[in-house]
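Colleague: I have a structure here, written as structure tokens, and I will follow up with some questions on it.
Throughout, read-outs are computed from the coordinates displayed, never taken from laboratory work. For clarity, every value in this text was computed on a predicted model and none was experimentally measured. Cβ sites come from the backbone with ideal geometry, for glycine too, and all protein chains shown count toward neighbours.
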Amino acid sequence: MAFPSKQTVQSVAHRAQKAAALIRKEKKEIVVGEKTKKAIDAMVFEGKLRKEAAEFAGMSDETLRQMLLKPHVLAYLNQQQDVLRTSARPRALRKMVDLLDAKTERIQFESAKYLDGMDRPSHAVGATQVNVQVNNTLNVTPGYVLDLRPDGAHQIEHLEAHGHNGLEDQADVPEED
């Protein structure tokens, strides 16, 4: 059996991820077949490998792999992962609180830092992180400014402030060897 190239799989998976995000954004009901749902639930909640989950659900590994490229199936998988992540948060928080009483000060410190929020980005929201990017670039080309406008034309503001050397002023400058 010939498998698609890695680039093809990545492009299909990327499109499927975008489509799954669109389905979630539109808040459409996610409809997935019973076997696929059973396989995904086994992977997410029981930690089974894809091949094991496919066998558990009564389907082939290849069929499940192909199903996971479909937007509505991917949306269901993401939804179930969010359920698992949300349900695990109380235990994770409780563990961090318990680590405040650990034997080593390093573990106590890391736990306190986590609980205080010092080691998380300030824009962290639940399991997702909001990335803020500010682009404040200014394109400046270094070098000389040649003013080729005829006399009487408006002067460039920064040239007025610092004086202006025309080509006539450059006539006495010796050439470099």
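Colleague: Measuring from label point to label point, each 7 Å out along Cα→Cβ, what is the residue 62 to residue 144 span in nm?
Modeller: For residue 62 paired with residue 144, the spin-label model returns 7.1 nm.
Colleague: At most 14 other Cβ atoms within 10 Å and a DSSP loop assignment: could you name the GluC sites (Glu not before Pro) in segment 20-103 that fit? Walk me through the numbers on the way to the answer.
Modeller: Numbers: sites: 26, 29, 34, 46, 52, 55, 62; in loops: 26, 29.
Passing both the DSSP loop test and the Cβ count: 26, 29.
Colleague: Give the residue list of trypsin sites (Lys or Arg not before Pro) in segment 39-113 that are DSSP loop and have at most 13 other beta-carbon atoms within 10 angstrom.
Modeller: Values: sites: 48, 50, 51, 65, 85, 91, 94, 95, 103, 106, 113; in loops: 48, 103.
Counting only loop positions with at most 13 other Cβ atoms within 10 Å, the trypsin sites (Lys or Arg not before Pro) in segment 39-113 are 103.
Colleague: Assuming 0.36 nm per residue, please report the length gained on full extension of the stretch residue 79 to residue 95 beyond their Cα-Cα distance. Don't skip to the end; give the middle numbers.
Modeller: On the way: separation 16, 0.36 × 16 = 5.76 nm, distance 2.48 nm.
Length difference between fully extended and current span is 3.3 nm.
Colleague: Separate question: What is the spin-label model distance, in nm, from residue 35 to residue 22 if the labels are put 7 Å beyond Cα along the C-beta direction?
Modeller: Taking the simple label geometry, residue 35 and residue 22 are separated by 2.8 nm.
Colleague: Further, regarding this structure: At 0.36 nm per residue, and after removing the present C-alpha to C-alpha distance, how many nm does the segment from residue 52 to residue 107 gain when stretched out fully?
Modeller: On the way: separation 55, 0.36 × 55 = 19.80 nm, distance 3.70 nm.
Roughly 16.1 nm would be gained on extension.
Colleague: For segment 23-110, run through the chymotrypsin sites (Phe, Trp or Tyr not before Pro) and keep only the ones in DSSP coil with at most 14 other Cβ atoms within 10 Å of their Cβ. Show your work: numbers first, answer last.
Modeller: Numbers: sites: 45, 56, 76, 109; in loops: none.
Those that pass, being in a loop and sparsely packed, number zero.
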